[in-house]
1. Select, from GLY75, GLY138, the only residue that is among the small types (Gly, Ala, Ser), modelled with pLDDT under 85 and loosely packed, with under 14 Cβ neighbours inside 10 Å.
2. Among the residues of region 192-201, is there at least one that is touching a residue at least 12 places away in the same chain (Cβ under 8 Å), crowded, with 22+ Cβ neighbours inside 10 Å and either within 21 Å of SER54 (Cα to Cα) or in contact with a Cys (Cβ under 7 Å, 6 or more places away or on another chain) (or both)?
3. Could you grab the pairs with beta carbons closer than 7 Å, sequence gap of 6+ or different chains, first residue in region 43-55 and among the hydroxyl-bearing types (Ser, Thr, Tyr), second one assigned to a helix (DSSP H, G or I)?
4. Just the residues that are loosely packed, with under 14 Cβ neighbours inside 10 Å and either of a type in the set (Phe, Trp, Tyr) or not in a helix (DSSP H, G or I) (or both), please, taken from region 278-296.
5. Do we find a residue being free of Cβ contacts under 8 Å to residues at least 60 places away in the same chain, in contact with a Gly (Cβ under 9 Å, 6 or more places away or on another chain) and charged (D, E, K, R) anywhere in region 340-363?
6. Quick check on region 384-407. Is at least one of its residues farther than 19 Å from PHE329 by Cα, of a type in the set (Val, Ile, Thr) and either modelled with pLDDT of 90 or more or crowded, with 19+ Cβ neighbours inside 10 Å (or both)?
7. Any chance you could count how many residues in region 236-260 are in a loop (DSSP other than H, G, I, E, B) and either in contact (Cβ under 8 Å) with a residue 24 or more places away in the chain or within 20 Å of ARG316 (Cβ to Cβ) (or both)?
8. Please count how many residues of region 50-72 are surrounded by fewer than 16 Cβ atoms within 10 Å (Cβ to Cβ) and among the basic types (Lys, Arg).
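The values are calculated or read from the model by the stated rules, or taken from the named source; none is laboratory data. Every value quoted in this text rests on a predicted model; they were computed, and no experiment measured them. Cβ: placed from backbone, ideal geometry, glycine included. Neighbour counts: every protein chain shown.
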Amino acid sequence: MTASETDHLPEDARPGHDSTRYALLNDLLQAGWLRFRFPRSLEQEFRHYHATASARTFRSTVFYVLLLYLVLGIGIMIIIPSETLGSWPLGYSAVTLLILAAVALSRSHRLDAWHQQYVTALAFPGMVVLTVLPEFTGAPVMKQAATIGTVHAAVVIGSVLGLRAGPAALAMWGGGYLGVVAILVSGQSLSWLLTHQTLTAGCAVGTVVAWLMERQSRQVFLQQSLLSLEKARSDDMAERMKEMSREDGLTGLTNRRHFDEVLNLEWQRCMRDGASLSLMFIDVDFFKPYNDEYGHQAGDDCLQRLGRILADHARRPGDLAARYGGEEFVVLYPQTGPRSLEQMADKLLRAVADERMPHGHSSVADHITVSIGTACIVPEQSYNPEQLVAAADHAVYEAKNKGRNRVYNAPVKTTDPCP
């Protein structure tokens, strides 16, 4: 999941949290029409999400709103004689300046989080001007056109500017009826029937539209949050499955499949660098008699303890310990020559002996021992990784043939001997 996909999620709904958040999001999505607010933390996240989403939409549409507004205004001034316009051009120009200010502010992405505030702050005086304007126009036809413009402004505020229902209502009702107060204070006559037919009706329609659009935005927010949470869970499950496919379930070491993948990668890297690549093959001595005597659970415990020892001896970057199969293990050592390899094999042999796991059916000791075969090669185009594995495998059998509980180093001939 990318950063942009999770930015809008509440902290509790982000990857790594339990299913409680998922249940909350789902319950809210199913809550119906009347559940219009979220719990506090989720509400804050929604408002941030809504503000940034609305700002992006507003940025892409406000230019066309301005263009349409200018075209309508120019058309009115062309059609209607100038002597009948009265103060209309002045009020129209004031609203144009407010729209231009909104265009300018919307260009700054840093102000996206403040979209609701600055749009409301500009829409409020715009609504005041458009409410007052019809009372200061000339001819009745112009007054009627300006009054209809008030209705259109309310609907635009509720539907186009991307405001939530609360800020939209504040701009429409607050600005509109502040304009009514201004008309009354100025001593102008006011038709309350016309006011309710235009201003009140326009604000009511605009409020309903804003409410419906915010509700839709809340639904989209919840749906996206659920989808993002489900995707995070799926990604986490896929990662766990991937890790499981690489790991031996008993010992916790890498399994043979992943070992083969890493071996090929390290082979290519060492061939490119001209460095040596070493492999240690480990086989538990007399493991079948151990299983028969002590039981399979004891055998599993033995392999787990050996896995921990091997992991402790493969701590350098690039080192890899793996369970090869049954009681066989391998350790891969990139950038390691035969002398260092022999020293590490001897240390591993002593570490297993020091564990002192009792074994009453071993002919070489009274505890668990291992036979270790080692091989080292400088990878070249004329060789392949299987030859290194075969050499180490042959070496461990030689170690067993020579009495077990020992290290045998298999020579691997190359055109450039290992350092």
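1. After applying the criteria, what remains is GLY75.
2. No: zero hits.
3. Every condition considered, the pairs that remain are TYR49/PHE221; THR52/ASP112; THR52/ALA113; SER54/HIS115.
4. Passing the criteria: only GLY295.
5. Looking for residues that are free of Cβ contacts under 8 Å to residues at least 60 places away in the same chain, in contact with a Gly (Cβ under 9 Å, 6 or more places away or on another chain) and charged (D, E, K, R), one finds none in region 340-363, hence no.
6. Among the residues of region 384-407, not one is farther than 19 Å from PHE329 by Cα, of a type in the set (Val, Ile, Thr) and either modelled with pLDDT of 90 or more or crowded, with 19+ Cβ neighbours inside 10 Å (or both), which makes the answer no.
7. In the first step, residues of region 236-260 are kept if they are in a loop (DSSP other than H, G, I, E, B); the result is 248-253, 255.
Keeping just the survivors that are either in contact (Cβ under 8 Å) with a residue 24 or more places away in the chain or within 20 Å of ARG316 (Cβ to Cβ) (or both) gives 248, 250-253, 255.
Counting residues in region 236-260 that are in a loop (DSSP other than H, G, I, E, B) and either in contact (Cβ under 8 Å) with a residue 24 or more places away in the chain or within 20 Å of ARG316 (Cβ to Cβ) (or both) gives 6.
8. 1
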